[in-house]
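Since the structure comes first, as structure tokens, the remarks are kept for the end.
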Amino acid sequence: MLAATALSSAAPSPGRAATAPAAAPAPRPLLTPASKFRDVSRGKPVPHSLKGDALIQARLTPETWRLEITADTAANPAFKEPASLSQPLTLAEGTALDLPALLKLGQQHGVKFLKAMQCLNIPTPLGQGLWEGVPLREVLRLCGPLRNVRRIYYWGFHNHDPKQLFQSSLSYSQAMETPPGELPAFLAYRLNGEPISLARGGPVRMIIPWAHGFKSIKWLQRIVVTNDFRANDTYAEQNNDPEAPLKTAAYLDELPAKLPAGQALQFGGLVLSGWSGLRRVEYALDRAEAGPDAPQRWLEARLEPPPDDWRTVLPAGLAPQEILGFDPKSGQPATWPLRYSMISWSAAVANLPPGKYALRARAVDLNGFAQPEPRPIQKSGRNSLDVREFEVA
Ligand SMILES: Nc1nc2c(c(=O)[nH]1)N[C@H]1C(S)=C(S)[C@@H](COP(=O)(O)O)O[C@H]1N2
Ligand SMILES: [Mo]
């Protein structure tokens, strides 16, 4: 372990400033431009590569988009009583929901919030957006009284090929009820103030605020209410926990492999506030020889504060008061970071003696659990500790 004097959280302290302090990493923009999200899309061809008539046939243009909502009536040993709904919305009967009708519903029931998109299986977040849409429960209400529904199944366009189906599900209660301060499951049609691009799953995609990306089905076209109590998620077939909520996790940016002696090391990354919230981010700097099992001295890093003026961050014309998770009076975020969103963190160390080092970072949640606790099973959401090795020469 290193001498305490070699370490400082935040900026190097004045008396021990490094001779050549490198600039602190600039915080990442809070909103990722739609085109800069990392893409996770199945399909051959991937739906967002379709063009012209193929796109129209796929009903993936704003004019042709339709959503069907039906009940699951196929014989099923898991049924106690088959589910039914009073008013199915179908293409055959010309009752399927179109985009103008969904947007109209949004004028009355629309929701907006910031959410990080994060894959259960990829170690870095895919992007963060301001998503807008209509709670799933309001869309289900269009179908009149539902009976014997225990789960909601949904999927998107998949080239009319059952083998390409990528589906997901929620319990009926998850769709209909929202605890205070929580965010509802919803059908999104805007991202960062713009219509959702085809690449991001538009015209309409499901967004499940508390979940990993696999619940947020893109190119949404079908909802089925069922009496089956089981999750049908395609992701469960690959040993993933289909009910896993977003994990609180810190991510460490790449570092230069070599650092001249006497220069301060500035570092940082992103931290995602998941299901269990975020208390702080910590880092530990050790001699590389010490190995991962050596006792580590964890020091607190600096978290990016909320912006002074949200109007410089949000799409034009949007007030923070309108966004879920913000205090409707003050326009300030009710928690920081906002639930299911990510911010930047940073720290610096000065005066490192020459040698090889290993830098680790972790998040500590609101229950006091340090990443990757309390659950070590990574197939319920990757949150293993990031390590970066470098040498001071
Ligand atoms: N229709 C459809 N929706 C999908 C997927 C898919 O392959 N097809 N991938 C899911 C997974 S696993 C993730 S992590 C997110 C990624 O969202 P993004 O591509 O907008 O970053 O989309 C989800 N929605
Ligand atoms: Mo994913």
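Numerical summary
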item: Spin-label pair E300/S173, simplified geometry with 7 Å Cα→Cβ offset, distance in nm; result: 3.7 nm
item: FRET efficiency, R147 to L366 (Cβ-Cβ, R0 45 Å, nearest 0.05); result: 0.70
item: Exceeding the 24 Å Cα-Cα cut-off - candidates K112/K247; K112/K218; K36/K115; K215/K247; K36/K104; K112/K329; result: K36/K104
item: Stretch gain in nm, segment A316-V46, where the contour uses 0.36 nm per residue and the Cα spacing is subtracted; result: 94.0 nm
item: Å² per residue, accessible surface of the stretch 41-140 at 1.4 Å; result: 45 Å²
item: The chain: angle of helix 99-109 to the longest principal axis, Cα-based, in degrees nearest 10; result: 70 degrees
item: Heavy-atom surface of the stretch 211-317, accessible at 1.4 Å and reported per residue (Å²); result: 42 Å²
item: Gained length - E63 relative to A26, 0.36 nm times residue gap less alpha-carbon distance; result: 9.2 nm
item: Accessible area of E373 in the full protein assembly, 1.4 Å probe (Å², nearest 10); result: 90 Å²
item: Over the chain: Rg over Rh, Cα atoms, Kirkwood Rh; result: 1.03
item: Gyration tensor (Cα) of the stretch 231-380, equivalent ellipsoid semi-axes in angstrom; result: 31, 24, 13
item: Gyration tensor (alpha-carbon) shape descriptor, the stretch 110-196, a/c threshold 1.5; result: oblate
item: Per residue solvent-accessible surface (Å²) - the stretch 342-393, probe of 1.4 Å; result: 40 Å²
item: Computed label-point distance, nm, for sites K80 and N121 using a 7 Å Cα→Cβ extension; result: 3.5 nm
item: For peptides 319-327, 275-283, 125-133, sequence by mean Cβ density within 10 Å, most packed first; result: 125-133, 275-283, 319-327
item: Protein-only accessible surface order, largest first, of F37, F166, F369 at 1.4 Å; result: F369, F166, F37
item: Shape call, the stretch 54-191: gyration tensor on alpha carbons, a/c limit 1.5; result: rounded
item: Per-pair calculated FRET efficiency, R0 = 30 Å: K36 and S330 via Cβ, rounded to 0.05; result: 0.45
item: Virtual spin-label span in nm between S384 and F229, 7 Å along Cα→Cβ; result: 3.6 nm
item: Share of carbon and sulfur in the accessible heavy-atom surface of the chain [1.4 Å probe, %]; result: 55 percent
item: Helix-derived mean residue ellipticity, 222 nm - over the chain, DSSP H n ≥ 4, -39500 (n - 2.57), to 500; result: -2000 deg cm²/dmol
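The values are calculated or read from the model by the stated rules, or taken from the named source; none is laboratory data. In this text, all values refer to a predicted model and were calculated from it rather than measured experimentally. Cβ atoms come from the backbone with ideal geometry, glycine included; neighbour counts cover every protein chain shown. These accessible areas exclude ligands, DNA and RNA; they are computed on the full protein's heavy atoms, side chains included. Shrake-Rupley method; radii C 1.70, N 1.55, O 1.52, S 1.80 Å.
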